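Take a look at the structure below.
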Amino acid sequence: MTETAPARARAEIDLAALRANVRTLRAQAPAAALMAVVKSDAYGHGAVPCARAALDAGATWLGTATPEEALALRAAGLPGRIMCWLWTPGGPWREAVEADLDLGISGLWALREAAEAARAAGRTARVQLKADTGLGRNGCQPADWAELVAEARRAEAESLVTVTGLWSHFACADEPGHPSIQAQLSLFREMLAQAEVAGLRPEVRHIANSPATLTLPESHFDLVRTGIATYGISPSPELGTSADLGLRPVMTLWASLALVKHVPAGHGVSYGHHYVTAGDTTLGLVPVGYADGIPRHASGAGPVLVGGKWRTVAGRVAMDQFAVDLGGDQPPVGERAVLFGPGDHGEPTAEDWARAAGTIAYEIVTRIGTRVPRVYVNDYVNE
C-alpha cells in the first residue's frame, strides 16, 4: 500500500528491519538453511511483501500453516520452496502438488490423499513427514511412525511422492532448560534414524523454531524455521528483549486522535464507567478498537504514546475506539497516538501490550485487522 492510505490508523511495516532480522537469524544458524514462516498473513505484517523481503535477505524457504496461504504466495509469483502443514481431509491436494509445494504429512490419511492427488496430476508430490516428539498437536506418534515411513517408501517406489523432509516442533523451546527440550531432541534423532534405516533420504531435517534457532545450536540440523523472530519480536521474555537478541520490531501501529475535549471531575469514560476522571482533565479519542485487533483485555492498561508521554487506555476498549486521559494536555486533533513500535522514540512495544492484555506479543501483532492499512517502508534492497 502506498502513502495515500487513510490516516485514521496505519501499521507501518519496516522491510529493512525484517531483512536485518533474517540476516541476524541466518548468522545464528550458519550451517542451516532458513525458512521464513509467513503464516497468518506474516503474523499480521503482510505475507507477500514480507516473503519477498525475507527471500531478498537470504531465506531459501517460505512456510505457511494452511495450503491456501501457500497457494496464494505461489499465485503472487513467489518462487522457490514453500511448505504448508495444516491439512484437513479433502483439502486442495492436487492444486498444491501442481504448484510444487512441500506438503507436511502427519498421518496415513494425509499421505494417501497426497499420493492420490499426485496420481491424478500425473506428477510426483513433495512431502515432509512430521514426527510428534512431544508437542502433542500435529504429527505422527512414535508408535505409528514405522507404518507411516513404510507407506511413504512404497509411494516413493511408485514415483507418487518424494519425501523431501522429516521434521518436528518443540513444545517448550522458549523456556530455557526445560527437560522436554532434550527429550524431544533425543526422540527426534531416534525417529530420523528409523526413517533412514527404512530407506528415506530427506533433503532437510528440521525441528528448530525461533527460540531454538536463537538458543539451541544442536537443534539446527539442515533447516531452521523462524516465525515471530523474523518480525523482530522476542519469542519469550525468558530469552531476553528484542534488542538483547539483536532483533528489531518490524511493525509500528499508530492512529490519529479523532477528538480532544475537556471533561470535569467525576466523568465516566467508555462502557460501564470502569474509569472515572479524578479531576478536570482532557480526553483524547483513539479511533481503533477491538474490531481492529486492539485487545479488549488491555482495557484500563494498554499504553499509548501521545505528545511524547505514555498514556493509558481509560476505561474499556470498544469496537472502534478507546479514550486516553491526557491529564490536561491539549494536543491537536490529528496528533499521532503510537500504540506500539520498536521503542526507539519512547513508544510502547508489542511486548508492553502483551503484558497489559495478559497474552503474548505474537497475538498482539497477528490480530491487527484488515481495517488497518499496512504501509511498507524501506521496500528496497541496497543496504
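The values are calculated or read from the model by the stated rules, or taken from the named source; none is laboratory data. Given the structure is predicted, the values throughout are model-derived calculations rather than measurements. Note that we place each Cβ from the backbone using ideal geometry, even for glycine, and neighbour counts take in every protein chain shown. When the accessible area is computed, the model is the full protein with side chains, heavy atoms only, and any ligands, DNA or RNA have been set aside. Shrake-Rupley method; radii C 1.70, N 1.55, O 1.52, S 1.80 Å.
Worth pointing out:
- Highest-MSF residue in the chain out of His220, His273, His297 [GNM, Cα springs under 10 Å]: His273
- Between His345 and Thr370, the distance separating the two model label sites (each 7 Å from Cα on the Cα→Cβ line) works out to 3.0 nm.
- Average Cα contact separation per residue, segment 39-128, under 8 Å, 6 or more apart, as relative contact order %: 22
- Positive minus negative residues near Arg367 (Lys, Arg vs Asp, Glu; Cβ under 13 Å): -1
- Hydrodynamic radius of the chain per Kirkwood, over alpha carbon pairs, in Å: 22.4
- Rounded if a/c under 1.5, otherwise prolate or oblate - segment 173-258, Cα gyration tensor axes: prolate
- Carbon/sulfur fraction of accessible area - segment 290-380, other protein chains in place, 1.4 Å, %: 49
- Gap separating the Cα centres of segment 254-271 and segment 46-92, nearest whole Å: 43
- The alpha-carbon of Lys309 sits under 25 angstrom from the alpha-carbons of these lysines, leaving out residues fewer than 8 places away in its chain: Lys261.
- Calculated over segment 59-109: convex hull of Cα atoms, volume per residue (Å³): 72
- Karplus (6.51, -1.76, 1.60) ³J(HN,Hα), θ = phi - 60°, over segment 106-121, in Hz, Gly and Pro reported as x: 10, x, 4, 4, 5, 4, 5, 5, 5, 5, 5, 5, 5, 4, 5, 7
- Here r is the Cβ-Cβ distance between Thr312 and Ser180 and R0 is 41 Å; the resulting FRET efficiency, rounded to 0.05, is 0.65.
- Charged-residue dipole, Cβ positions (Lys, Arg, Asp, Glu), segment 27-180 about Cα centre, Debye nearest 20: 260
- Mean separation of Cα contacts under 8 Å, 6 or more apart, over the residue count of segment 1-153: relative contact order %: 14
- Between the amide H of Cys140 and those of Lys130, Ala131, Asp132, distances stay under 5 Å, these residues lying 5 or more places away or on another chain, with hydrogens modeled in the peptide plane.
- Positive end of the dipole of the chain (Cβ unit charges, origin at the Cα centre): among Thr164, Ala11, Pro348, the Cα lying farthest that way belongs to Ala11.
- Per-residue 3J(HN,Hα) values for segment 160-173, derived from phi via the Karplus relation 6.51 cos²θ - 1.76 cosθ + 1.60 with θ = phi - 60°, read 7, 9, 10, 7, 8, x, 10, 8, 7, 8, 6, 8, 9, 5 Hz in sequence order (x marks Gly and Pro).
- Between segment 308-373 and segment 129-162, the alpha-carbon center distance in angstrom: 45
- Using the Cβ-Cβ distance between Ala146 and Asp222 with R0 set to 22 Å, the FRET efficiency works out to roughly 0.45.
- For Arg311, the residues whose modelled amide H falls within less than 5 Å of its own, excluding neighbours fewer than 5 places apart on the same chain, are Val304, Leu305, Val306.
- Taking every C-alpha pair closer than 8 Å and separated by at least 6 residues, the mean separation divided by the residue count of the chain gives a relative contact order of 19 percent.
- Measuring spread by the Cα atoms of segment 241-348 yields a radius of gyration and Dmax of 14.1, 46 Å.
- What a 1.4 Å probe finds exposed on segment 100-230 is 48% carbon and sulfur by accessible area, rounded to a whole percent.
- Each residue, His297 and Thr88, gets one label point 7 Å from its Cα in the Cβ direction; the gap between the two is 2.4 nm.
- Rounded to the nearest 0.05, the FRET efficiency derived from the C-beta distance between Glu203 and Val333 at R0 = 51 Å is 0.35.
- Per residue, the chain exposes an accessible area of 41 Å² to a 1.4 Å probe, with every protein chain left in place.
- Seen against the Cα atoms of the chain and their longest principal axis, helix 15-28 is set at about 50 degrees.
- Put simply, the amide H of Ile82, placed in the peptide plane, has neighbours under 5 Å in Leu62, Asp102, leaving out anything fewer than 5 places away on its chain.
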